[in-house]
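Data block below; observations after.
The values are calculated or read from the model by the stated rules, or taken from the named source; none is laboratory data. These figures come from a predicted structure and were not determined experimentally. In this analysis, Cβ positions are derived from the backbone assuming ideal geometry, glycine residues included, and neighbour counts consider all displayed protein chains. Calculation scope for accessible area: heavy atoms of the full protein, side chains included, ligands and nucleic acids excluded. Shrake-Rupley method; radii C 1.70, N 1.55, O 1.52, S 1.80 Å.
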Amino acid sequence: MKRHNNLTIYINYFFAFLFSISFLVVVNYLGLENYEKYILILSISTIFASTIYSSSIKSEIKNDIIKIDFTNNSIKILLVIALSICFYLIHRGNYFLVFFFLLTILYEFCYHLFAISFIKRNKTLGHSQFVLATSIFKNLSLLFCIISYNLLNIVIIFYVFYFIVFIFNYKKININLVSNSKPLNIFDLFYVLIGSLIFQLDKIIGENLLSKNNYITYFLIFKFASSFQILGSLLTQPIRNKMISIERVSDEIKKKLSKIIFILFSLLIISNFFLFIAAKIDFFNLYIFKINFVNLMVFNFLALSIITHIYNSLYIDTLFINGYSKTLIYIYLPILILILIFLLLFQSLLIWSLIIFISQILLSILSFIKYKKYVQ
C-alpha cells in the first residue's frame, strides 16, 4: 500500500510540474499580453510566499491545530515592503499592476496555507493531489482567453475562483495565526527575504534590464531547471522531516543526502540528451526556448545551482531552526550584493546563470562552516 501511495505521489507531482510548464508554454504560444509583467509580479510575490513557508517550519501543531506566529515587527516590515513595491509600480505608471500584485500576495497566502496544512501533518499524498489540482485549474483558466487576451485579466479570474475555494475550506485546514513559542521574528524575516532574493533577484530586475524575448526565455529555462527542485524536494522530504525533528544533520542524513545529490547529477546529464533531441523539434525552439550552446549552458548552470541549494538547504534550515537567523543574514547579504553587481554589470543570460551557481557554492561552503561551529 505504501509503495502504491509513493508511486501515486510521484505521478501527481510529475503531472503538476508538466501542467505548470504547459501553462507558460500555452501563454507564449497564444502571445497573450503582459506575459513579462506576470513573470515580474510572480517573482516578487515569491518573496512573500517564502515568509509563509518559513513560518510553517517554526509553527506548532497541537490537537491537530497548526499555530503560526509572526512578531508585530515582522508584520510591520512586510507591510512596509509591500507598500514600497506598490509605490514603485505606481511610479512606473501602472496602477492595474498594483492591484494585480496585491491579489497575487493574497493568492500566495491562501495557497501556502493550504500547502502547510498538508506538509505540517506529513500528508504528502494529499499535498501532491492539492498541487496537481491547482495546476490543472490554472491551465483551465486559459480558456478565458476567449474573452480577453490580457494574461493578467485571465489570472485574476483564476485568483477569484481560488479565493472562493479557500473561504469555503479555511475551517477544514485547522490553521490559526496565534502566538506560539517560536514566532517568525525580525531576524528570521530578514533571513527569509534575503534568501528569497538570492534566487529571485535576477527574475525581478531582469524585466528592466533584459529584452522581452531574453527575459521570457530566461524564465522558461529556469522553470525547466526547477524540475530538479521538485524532484529534490520529494527525495529529501523524509530526511528533512528527520532533520526538523532532531534539529541537526546526522551522519545518516548526510549519507542519504549524498546519494540524492548523486542521483540528481546523473539525471541532469540524462536531461541534456533529451534537450539535444528537443533541438530537432520546431515547436520547442519556437515557443519554449531555442536549444543552442548558450541556452544549454544557462539551463545547466541554473540546474546545478538548484541541486547545490538542495544540498546546502538542510544545513541552512538547521541553523534557522536553532535560532541562527542573524548568522545566516551575515552569510546571505554579501552573496546577494555580489549577485546584484554581476546582474547590473552584465546583461548576459550566461553570466547571470553562472553567478547564481557560484553563489550557491559559496553558500554551501559558508553554511557548512557555520553549521560545524554552532550546531554540530
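Tabulate in residue order the Karplus-calculated ³J(HN,Hα) for region 99-107, using 6.51 cos²θ - 1.76 cosθ + 1.60 with θ = phi - 60°, rounded to whole Hz; enter x for Gly and Pro.
With the stated coefficients, region 99-107 comes to 4, 5, 4, 5, 5, 5, 4, 4, 4 Hz.
For GLU33, which sequence-distant residues (separation of 5 or more, or a different chain) have an amide H within less than 5 Å of its own amide H, given hydrogens modelled in the peptide plane?
Placed amide hydrogens put ASN150, LEU151 under 5 Å from GLU33.
Go through 96-108, 351-363 and give me the packing order, highest mean Cβ count within 10 Å leading.
Order by mean packing, descending: 351-363, 96-108.
Would you mind checking the radius of gyration and Dmax of region 115-170 based on alpha-carbon positions, in Å?
Both quantities, over Cα of region 115-170: 13.5, 41 Å.
Filter LYS120/LYS372; LYS212/LYS254; LYS259/LYS280; LYS67/LYS255; LYS138/LYS256; LYS242/LYS370 down to the pairs with a C-alpha to C-alpha distance above 31 Å, please.
In this structure, LYS212/LYS254; LYS259/LYS280; LYS67/LYS255; LYS138/LYS256 exceed 31 Å between Cα atoms.
Please work out the FRET efficiency for the pair TYR374 and LYS254, using the Cβ-Cβ distance as r and a Förster radius of 22 Å; give the result to the nearest 0.05.
My answer for the efficiency is 0.80.
Taking the Cβ-Cβ separation of SER348 and PHE276 as r and a Förster radius of 22 Å, what is the calculated FRET efficiency to the nearest 0.05?
In this case the efficiency is close to 0.45.
Could I get the Rg over Rh figure for region 126-241? Both from C-alpha atoms, Rh via Kirkwood, rounded to two places.
1.01
Of the listed peptides 164-172, 190-198, 261-269, what is their order by residue-averaged count of other C-beta atoms within 10 Å, with the highest listed first?
Ranking the peptides 164-172, 190-198, 261-269 by packing returns 190-198, 261-269, 164-172.
Residue by residue, what Karplus-based ³J(HN,Hα) values in Hz, rounded to whole numbers, does region 37-46 have, using 6.51, -1.76 and 1.60 with θ = phi - 60° and x for Gly and Pro?
Result, rounded to whole Hz: 5, 4, 4, 4, 5, 4, 5, 5, 5, 4.
When Rg is the radius of gyration of the Cα atoms in the chain and Rh is its Kirkwood radius, what does Rg/Rh come to?
Using Cα coordinates only, the ratio equals 0.94.
As an exercise, use a Förster radius of 25 Å and the Cβ-Cβ distance of LYS76 and ASN174 to find the FRET efficiency, rounded to the nearest 0.05.
Approximately 0.35, to the nearest 0.05.
Please report, largest first and rounded to whole Å, the three semi-axes of the ellipsoid equivalent to region 19-126, where each semi-axis is the square root of five times an eigenvalue of the C-alpha gyration tensor.
29, 21, 8
What translational D, rounded to a whole number of µm²/s, comes out for region 185-323 from Stokes-Einstein when the hydrodynamic radius is the Kirkwood one over Cα pairs, at 37 °C and 0.692 mPa s?
196
Please work out the average accessible area per residue across region 143-292, using the 1.4 Å probe convention, and give it in Å².
52
Just grab the label-to-label distance for ILE246 and PHE99, each label 7 Å out from Cα along the Cβ direction, in nm (one decimal).
Going from the ILE246 label point to the PHE99 one covers 5.4 nm.
When the accessible area of region 204-299 is computed with all protein chains present and a 1.4 Å probe, what percentage of it is carbon and sulfur?
Ligands and nucleic acids excluded, carbon and sulfur reach 66 percent.
Which of the three applies to region 255-376, rounded, prolate or oblate, going by the alpha-carbon gyration tensor with a ≥ b ≥ c and a/c under 1.5 meaning rounded?
oblate
With every protein chain in place, what's the accessible area of ARG92 (1.4 Å probe, Å², nearest 10)?
90
Taking 7 Å along the Cα-to-C-beta vector as the label spot, tell me the LYS62-ILE186 distance in nanometres, rounded to one decimal.
Rounded to a tenth, the inter-label distance reads 2.7 nm.
How large is the convex hull of the C-alpha atoms of region 312-376 per residue, in Å³?
That works out to 67 Å³ per residue.
Please give the calculated 222 nm ellipticity per residue for the chain, where each DSSP H segment of at least 4 residues contributes -39500 (n - 2.57) and the sum is spread over every residue; nearest 500 deg cm²/dmol?
-28500 deg cm²/dmol
Just how large is the dipole of the chain about the Cα centre, in debye to the nearest 20, putting +1 at every Lys and Arg Cβ and -1 at every Asp and Glu Cβ?
1000
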